[in-house]
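Undergrad: My structure is below; once you've seen it, I'll send some questions.
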Amino acid sequence: MPAKPKDAPAIASLTRAKAKVEHKRLALEIEAHNARYYQKDAPTISDAAYDALRQRLEAIEARFPELVTASSPTQTIGAAPARGFAKVQHAVPMLSLGNAFSDEEVTEFVDRIRRFLKLGADDIPAIVAEPKIDGLSLSLRYERGELVRAATRGDGFTGEDVTANVRTIEDVPHRLKGRAVPAACELRGEVYMLKKDFLTLNRKQEEAGDTVFANPRNSAAGSLRQKDVAITASRPLKFFAYAWGEMTDRPADTQHGMLAWLEKAGFVVNPLIELCHSVDEVLAFYRKIGERRATLGYDIDGVVYKVDRLDWQERLGFVSRSPRWAIAHKFAAEQATTILKGIDIQVGRTGALTPVARLEPVTVGGVVVQNATLHNEDYIKGIGNDEQPIRDGIDLRVGDTVVVQRAGDVIPQVVNVVLDKRPNSAKPYLFPHKCPICGSHAVREEGEAVRRCTGALICPAQAVERLKHFVSRLAFDIDGLGEKQIQEFHERGWIKEPADIFQLKERNSKLKLEEIEGYGEVSVRNLFAAIDARRRIELNRLIFALGIRHVGEGNAKLLARHYGSMENFRGAMAEAAAAQTEAGNDSEAYADLNNIGGIGEIVADAVVEFFAEKRNVKALDDLLEEIEVFPVAQARSDSAVAGKTVVFTGSLEKFTRDEAKASAERMGAKVSGSVSKKTDLVVAGPGAGSKLKEAEKLGVRVISEDEWLDLIGG
Ligand code: IVH
């Protein structure tokens with residue numbers, strides 16, 4: 001049972017006047033939490049703390065029933081739908097569940113059912129026990145077997161229309177299977193995200209400087225409620241079906257029969273669900289699921305018990321917002337308070353600086369926690385954003401007493417500060433502006449939450465990723481020196497910076513590559529030959545290889561064409577970097593860079609940041625000692641394909657796709673990946689499919705590989 005809110009007087013001792021005041025305060029507080037949870041997907045308190053508030057409100061209303069009004073949170077569910085999505089009226093309201101926190105409350109739930117149904121002492125109703133999935137509920141309307149509408153719960157009566165987004169979820173059938181499907185039905189369940197998918201998504205978001213979600217539930221909710229369907233489609237959402245609303249025919253007369261039907265109709269039904277025949281069996285299920293919780297792959301926050309017979313469910317009916325025939329048996333809160341001993345900064349493989357809380361060890365939900373994520377600079381400052389818990393604008397300081405939560409068993413996080421306990425000596429935390437690993441300056445782009453190390457070429461935390469990029473296909477592309485070898489040579493301390501690659505041969509009398517397992521004299525000779533072959537490299541490949549943020553293959557080409565030679569590029573960037581001040585970039589060299597068509601301010605700033613770090617320049621100069629850079633051939637403006645947009649499709653046999661692209665660009669053509677009205681020419685190899693069809697439909701000229709070679713002069 002969660003504790004009552006701190007220092008709250010016992011309900012029994014409340015006068016009517018005091019109860020009225022507290023009732024109002026609690027109702028307002030709960031409504032504010034509802035809005036943050038349901039509309040912004042950004043709760044600021046734990047579920048347990050929320051449940052405690054609700055329970056106190058319910059207890060006050062039980063003692064003073066005259067305080068119950070239609071707008072009390074005990075009489076409503078969730079929060080009205082947020083703006084932005086069309087509203088959908090649920091044919092049957094989506095109600096909520098009452099909670100049990102102890103074995104006694106579960107026993108009482110079963111006894112209540114037996115009393116209500118007037119069952120004999122030995123007559124125990126069969127009960128379906130299901131994991132309580134911690135996601136967001138969804139109602140799917142099917143008419144004649146076709147999915148016609150998908151809606152979130154909203155306030156239980158009106159939800160948001162998320163049909164287009166839901167169609168991208170693989171677990172949701174667009175058409176029900178089987179012949180005997182009801183003419184119309186609303187099928188319901190939970191949208192959720194696997195813990196591993198949540199972690200991967202957050203890592204990506206963090207690296208890209210985008211929203212970091214607090215837990216898989218928020219991440220599922222945020223992903224489902226996207227205005228851009230393509231974003232939802234790119235998020236790995238999943239769905240378990242477990243309930244229904246309106247049904248013109250009911251294919252079964254028990255809960256477990258309905259679940260079996262849902263599965264036959266094409267839904268995923270949770271495989272752990274069991275039919276129980278006694279309170280003991282029900283409680284054994286609760287403990288078994290509790291033990292397996294951490295290994296399930298998705299978050300659950302309890303289990304749900306439902307009376308199996310549907311005729312009994314109907315007889316039992318509802319009390320205010322929840323059914324009498326079902327209850328949620330919640331797991332204990334996974335929160336604890338401890339002391340923030342320090343804040344460490346970790347540097348990710350791509351240079352992102354992530355703050356980590358070092359905590360006085362504390363047991364949270366049975367696990368000892370010593371570290372917790374602090375997400376980013378703004379999180380420590382108490383700013384947060386729409387999708388992330390905001391600690392009411394309170395910053396975090398070393399020495400603070402903090403509330404730690406194991407959010408959905410994944411990454412522990414600091415969710416609150418106990419301000420009363422803040423020591424006088426605690427100072428606001430100053431987020432470092434230098435990388436703690438290599439000392440390079442760390443910068444934050446406008447609109448980004450993440451601060452990043454600019455020591456692309458020299459930071460040990462980033463070295464392996466950078467070196468892998470350096471040898472990748474569109475960069476130096478060295479045969480026999482791939483990701484695996486880079487990893488191995490880096491671990492042995494042989495390659496730390498790009499120039500080291502070209503010194504391997506010289507240093508081999510000491511290193512003795514031949515002695516590594518899998519290498520022989522021949523393979524070592526071949527490797528050195530492949531490295532030597534790359535001592536001459538095009539400027540654009542070199543620029544791309546440097547791994548400057550935002551400088552991909554395309555931007556590297558723009559820069560190479562504009563500056564023509566490495567000397568020019570390096571000289572201009574040195575000038576821009578020297579003129580850089582706190583106030584920004586203001587130099588002719590910078591203006592010239594920023595004026596290149598296709599190079600915006602973000603790219604220009606990133607390039608200058610790279611050159612402003614002297615050790616990057618030193619690493620580049622060391623590399624230039626080893627290699628010879630030749631300028632990119634200027635694109636020709638007099639060729640037959642100059643200024644044309646070309647698409648290559650099918651399996652090309654005469655040249656590789658990269659060669660095709662390079663030759664087209666050399667001739668002044670632009671290469672595109674898709675056919676549109678703007679396409680001038682499609683070069684089709686064997687097996688060309690949809691792009692060829694599209695070209696024919698649009699009347700775009702289609703030629704063979706040989707014709708292409710003729711056109712560009714072989
Ligand atoms: S049954 C009328 N079954 O829990 C009862 N709900 O607190 C309908 N939930 O809104 C709900 N797993 O989002 C039910 N196996 C399960 C569930 C489940 C998760 C969620 C659901 C519901 C909330 C109630």
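Undergrad: Select from segment 412-437 the residues that are open to solvent by 20 Å² or more (accessible area, probe 1.4 Å), assigned to a loop (DSSP other than H, G, I, E, B) and over 13 Å from Pro355 (Cβ atoms) and list them in ascending order.
TA: Those that are open to solvent by 20 Å² or more (accessible area, probe 1.4 Å), assigned to a loop (DSSP other than H, G, I, E, B) and over 13 Å from Pro355 (Cβ atoms): Val418, Arg422, Pro423, Asn424, Ser425, Lys427, Pro428, His433, Ile437.
Undergrad: Shifting gears a bit: Are there helices (runs of 4 or more DSSP H) fully within segment 180-268 with at least 3 residues that are more than 16 Å from the ligand (Cβ to nearest atom) and among the basic types (Lys, Arg)? List them. Step through it out loud before you land on a result.
TA: On the way: elements: 195-207, 216-224, 229-234, 255-264.
Once the helices (runs of 4 or more DSSP H) in segment 180-268 are filtered for at least 3 residues that are more than 16 Å from the ligand (Cβ to nearest atom) and among the basic types (Lys, Arg), what remains is 195-207.
Undergrad: Out of curiosity, is Glu314 within 13 Å of the ligand (Cβ to nearest atom) and not in a strand (DSSP E or B)?
TA: Values: within 13 Å of the ligand (Cβ to nearest atom): yes; not in a strand (DSSP E or B): yes.
The answer is yes for Glu314.
Undergrad: For segment 219-255: of the residues being among the hydroxyl-bearing types (Ser, Thr, Tyr) and open to solvent by 40 Å² or more (accessible area, probe 1.4 Å), which is farthest from Trp325 (Cα to Cα)? So that I can check it myself, show each step before the final result.
TA: Step one: of segment 219-255, the residues among the hydroxyl-bearing types (Ser, Thr, Tyr) are 219, 223, 232, 234, 242, 248, 254.
So of that shortlist, the ones also open to solvent by 40 Å² or more (accessible area, probe 1.4 Å) come out as 234, 242, 248.
Working: Ser234: 38, Tyr242: 15, Thr248: 22 Å.
Looking at the filtered set, the residue picked out is Ser234.
Undergrad: Check Gly650, Gly689, Gly685 and return the single one that is crowded, with 19+ Cβ neighbours inside 10 Å and either over 21 Å from Asp477 (Cβ atoms) or hydroxyl-bearing (Ser, Thr, Tyr) (or both). Let's see the steps before the verdict.
TA: Values: Gly650 fails: crowded, with 19+ Cβ neighbours inside 10 Å; Gly689 fails: crowded, with 19+ Cβ neighbours inside 10 Å.
One residue alone meets the criteria, Gly685.
Undergrad: Moving on. Would you please name the residue that is farthest from the ligand (Cβ to nearest atom), looking only at residues in segment 151-179 that are among the basic types (Lys, Arg) and in contact with a Leu (Cβ under 9 Å, 6 or more places away or on another chain)? Break it down stepwise before answering.
TA: Here is the first cut: in segment 151-179, the ones among the basic types (Lys, Arg) are 153, 167, 175, 177, 179.
Retained after the next criterion (residues that are in contact with a Leu (Cβ under 9 Å, 6 or more places away or on another chain)): 153, 167, 175.
Numbers: Arg153: 6, Arg167: 20, Arg175: 24 Å.
Only one residue tops the list, namely Arg175.
Undergrad: Right, next: Kindly establish whether Phe116 is in a helix (DSSP H, G or I), in contact (Cβ under 8 Å) with a residue 24 or more places away in the chain, within 16 Å of the ligand (Cβ to nearest atom) and farther than 22 Å from Leu237 by Cα. Working first, answer last.
TA: Numbers: in a helix (DSSP H, G or I): yes; in contact (Cβ under 8 Å) with a residue 24 or more places away in the chain: yes; within 16 Å of the ligand (Cβ to nearest atom): no; farther than 22 Å from Leu237 by Cα: yes.
Answer is no for this residue.
Undergrad: Another question, if that's okay. Is there any pair linking a residue in segment 545-572 that is closer than 15 Å to Arg666 by Cα to one that is small (Gly, Ala, Ser), with Cβ under 6 Å and at least six apart or on different chains, and which?
TA: Every condition considered, the pairs that remain are Leu558/Gly598.
Undergrad: Hey, among the residues in segment 89-109 that are closer than 26 Å to Leu138 by Cβ and small (Gly, Ala, Ser), which one's nearest to the ligand (Cβ to nearest atom)?
TA: Ser96
Undergrad: Every residue in segment 486-496 that is in contact (Cβ under 8 Å) with a residue 24 or more places away in the chain and crowded, with 21+ Cβ neighbours inside 10 Å, please.
TA: Residue satisfying the conditions is Ile495 alone.
Undergrad: Here is a follow-up. From (1) touching a helix residue (DSSP H, G or I) at 6+ places or on another chain (Cβ under 8 Å); (2) aliphatic (A, V, I, L, M); (3) away from the ligand (no atom under 13 Å from the Cβ), pick out the condition that doesn't hold for Leu138.
TA: (3)
Undergrad: Continuing with this model, one more query. Can Val148 be described as open to solvent by less than 60 Å² (accessible area, probe 1.4 Å), closer than 18 Å to Asp51 by Cα, away from the ligand (no atom under 15 Å from the Cβ) and among the aliphatic types (A, V, I, L, M)? Before the answer, list the steps.
TA: Values: open to solvent by less than 60 Å² (accessible area, probe 1.4 Å): yes; closer than 18 Å to Asp51 by Cα: no; away from the ligand (no atom under 15 Å from the Cβ): yes; among the aliphatic types (A, V, I, L, M): yes.
For Val148, the condition - open to solvent by less than 60 Å² (accessible area, probe 1.4 Å), closer than 18 Å to Asp51 by Cα, away from the ligand (no atom under 15 Å from the Cβ) and among the aliphatic types (A, V, I, L, M) - is not met.
Undergrad: Open to solvent by 60 Å² or more (accessible area, probe 1.4 Å), in contact with a Gly (Cβ under 8 Å, 6 or more places away or on another chain) and at pLDDT 90 or above, is that true of Lys87?
TA: So Lys87 passes the test.
Undergrad: Pro5 is checked against (1) at pLDDT 75 or above; (2) open to solvent by less than 70 Å² (accessible area, probe 1.4 Å); (3) of a type outside the set (A, V, I, L, M) and fails just one. What number does that condition carry?
TA: (1)
Undergrad: So Leu97 fits all but one of (1) assigned to a helix (DSSP H, G or I); (2) open to solvent by 10 Å² or more (accessible area, probe 1.4 Å); (3) under 19 Å from Phe331 (Cβ atoms); what number is the exception?
TA: Against the list (1) assigned to a helix (DSSP H, G or I); (2) open to solvent by 10 Å² or more (accessible area, probe 1.4 Å); (3) under 19 Å from Phe331 (Cβ atoms), Leu97 comes up short only on (1).
Undergrad: For segment 197-219, does any single residue satisfy the condition of being hydrophobic (A, V, I, L, M, F, W, C) and within 30 Å of Cys276 (Cβ to Cβ)? Before the answer, list the steps.
TA: Taking segment 197-219 first, the residues hydrophobic (A, V, I, L, M, F, W, C) are 198-199, 201, 208, 212-214.
After this cut, where a residue has to be within 30 Å of Cys276 (Cβ to Cβ) as well, the list is none.
No, there is no match, as no residue in segment 197-219 is hydrophobic (A, V, I, L, M, F, W, C) and within 30 Å of Cys276 (Cβ to Cβ).
Undergrad: Let me ask something additional. Are any of the residues in segment 320-338 within 11 Å of the ligand (Cβ to nearest atom), out of contact with any Gly (no Cβ under 9 Å at 6 or more places or on another chain) and either under 21 Å from Phe240 (Cα atoms) or in a loop (DSSP other than H, G, I, E, B) (or both)?
TA: no
Undergrad: Could you please let me know if Glu130 is in contact (Cβ under 8 Å) with a residue 60 or more places away in the chain and within 15 Å of the ligand (Cβ to nearest atom)? It would help to see each step written out before you state the result.
TA: Details: in contact (Cβ under 8 Å) with a residue 60 or more places away in the chain: yes; within 15 Å of the ligand (Cβ to nearest atom): yes.
Yes: the conditions hold for Glu130.
Undergrad: Restricting to segment 340-381, give me the number of residues that are over 30 Å from Ile548 (Cα atoms), surrounded by fewer than 16 Cβ atoms within 10 Å (Cβ to Cβ) and touching a Ser or Thr at 6+ places or on another chain (Cβ under 6 Å).
TA: Final tally of qualifying residues: 1.
Undergrad: Of the residues Glu465, Glu446, only one is open to solvent by 20 Å² or more (accessible area, probe 1.4 Å) and not in a loop (DSSP other than H, G, I, E, B); which?
TA: Details: Glu446 fails: not in a loop (DSSP other than H, G, I, E, B).
Step by step, each of Glu465, Glu446 is checked, and only Glu465 is open to solvent by 20 Å² or more (accessible area, probe 1.4 Å) and not in a loop (DSSP other than H, G, I, E, B).
Undergrad: Further question on the same structure: Filter segment 276-301 down to the residues that are loosely packed, with under 15 Cβ neighbours inside 10 Å, within 16 Å of the ligand (Cβ to nearest atom) and in contact (Cβ under 8 Å) with a residue 40 or more places away in the chain and list them by number.
TA: Gly297 - this is the single residue of segment 276-301 that is loosely packed, with under 15 Cβ neighbours inside 10 Å, within 16 Å of the ligand (Cβ to nearest atom) and in contact (Cβ under 8 Å) with a residue 40 or more places away in the chain.
Undergrad: So, one more: Specify the residue that is nearest to the chain's Cα centre (by Cα); the eligible residues are those in segment 121-153 that are outside any strand (DSSP E or B) and either closer than 18 Å to Phe267 by Cα or among the charged types (D, E, K, R) (or both). Walk me through how you get there before you give the answer.
TA: So the first thing to find is which residues in segment 121-153 are outside any strand (DSSP E or B), and the list is 121-126, 134-135, 144-145, 153.
Still in the running and either closer than 18 Å to Phe267 by Cα or among the charged types (D, E, K, R) (or both): 122-123, 134-135, 144-145, 153.
Details: Asp122: 50, Asp123: 48, Asp134: 16, Gly135: 15, Arg144: 36, Gly145: 33, Arg153: 23 Å.
Here the residue is Gly135.
The values are calculated or read from the model by the stated rules, or taken from the named source; none is laboratory data. Since the model is a prediction, treat every value here as computed from it, not as a measurement. Virtual Cβ from ideal backbone geometry, glycine too; neighbours counted across all protein chains shown. For accessibility, only protein heavy atoms count, side chains too; no ligands or nucleic acids. Shrake-Rupley method; radii C 1.70, N 1.55, O 1.52, S 1.80 Å.
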